[in-house]
Amino acid sequence: MSGTVVGDATVAERSEHVEPLLPAALDLLASVSIPLSELSAIVCGAGPGTFTGVRTAASIAKGLAMGLSIPLFAVGSLPLVLADASPGRYLVTLEAGRGDVFAALLGWPGAHGGGYILVPTTKLETLAAESKAQIVGPQTGRWPHIKAAASLDWGAPVDLASWEPDYGRNSAAEDRRREGAAR
């Protein structure tokens, strides 16, 4: 299953007091004259990514899908970085925090490849050279974008009751909690 992108919006990162994602999505639908009731499916980045960002996007997507009784498709966040990319081999990255990035070696078009690894940012250049791949990601101005979802295989819809995104690693708070419990 795939679809046509009829609009897109860029949302600034969340702040301590404001979560702009849901209002931006609702404003986007209004700008293209599509009421929520006409949605037939939702596509959401499945991770990995920053814990709070992935959790927020997944929560909104699941809530909308449940509330509207429509399917939710979860697409890996790393292939979504390649929207509008030229054909080639890429080392796709997303911020993982603590001096690391999530990285996947992907071919485009089609985002061929699978899995990802956690890589210290200091090792990215070496890994890209060894893989004969171009680095793309936030450090190069490329962020996950829905335009890539239109050209990817979405697979089957997720089970809304049990699906959780792939956070890629524990949150810093969870690591601190476990560290304290181990003492």
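The values are calculated or read from the model by the stated rules, or taken from the named source; none is laboratory data. Keep in mind that what you see is a predicted model, and the values were worked out from it rather than measured. Backbone-built Cβ (ideal geometry, glycine too); neighbour counts: all protein chains shown. Only protein heavy atoms, including side chains, enter the accessible area calculation; ligands, DNA and RNA are left aside. Shrake-Rupley method; radii C 1.70, N 1.55, O 1.52, S 1.80 Å.
Listing for the model above:
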| quantity | calculated |
| --- | --- |
| Modelled FRET efficiency - R0 41 Å, residue 182 with residue 40, Cβ distances, 0.05 increments | 0.30 |
| Nonlocal amide H pairs with residue 171, under 5 Å, H built at 1.01 Å | none |
| Three semi-axes of the equivalent ellipsoid, segment 79-183, Cα gyration tensor, whole Å, largest first | 27, 21, 11 |
| Ellipticity estimate at 222 nm from DSSP helix runs (n ≥ 4, -39,500 (n - 2.57)) divided over the chain, nearest 500 | -8500 deg cm²/dmol |
| Counting DSSP beta bridges with both ends in segment 47-183, the antiparallel % (nearest 5) | 80 percent |
| Per principal axis, descending, Cα span of the chain in whole Å | 48, 48, 30 |
| Accessible area per residue, Å², the chain with all protein chains present, probe 1.4 Å | 56 Å² |
| Within straight-line cross-link reach of residue 62, lysines at Cα separation under 24 Å, skipping those fewer than 8 residues along the same chain | 147 |
| Under-5 Å amide H pairs with residue 76, H placed in peptide plane, nonlocal only | 46 |
| Quotient of C-alpha Rg and 2.2 N^0.38 Å, computed over segment 18-63 | 1.23 |
| Anchor residue 132: lysines whose Cα lies under 22 Å away (excluding residues fewer than 8 positions away in-chain) | 123 |
| Estimated translational D of segment 15-109 in µm²/s (Stokes, Kirkwood radius over Cα pairs; 4 °C; 1.567 mPa s) | 86 µm²/s |
| Computed FRET value (nearest 0.05) for residue 98 with residue 173, which takes r as the C-beta separation and R₀ as 22 Å | 0.95 |
| Among 146-152, 24-30, 77-83, the order from most to least packed when residues are scored by Cβ within 10 Å on average | 77-83, 146-152, 24-30 |
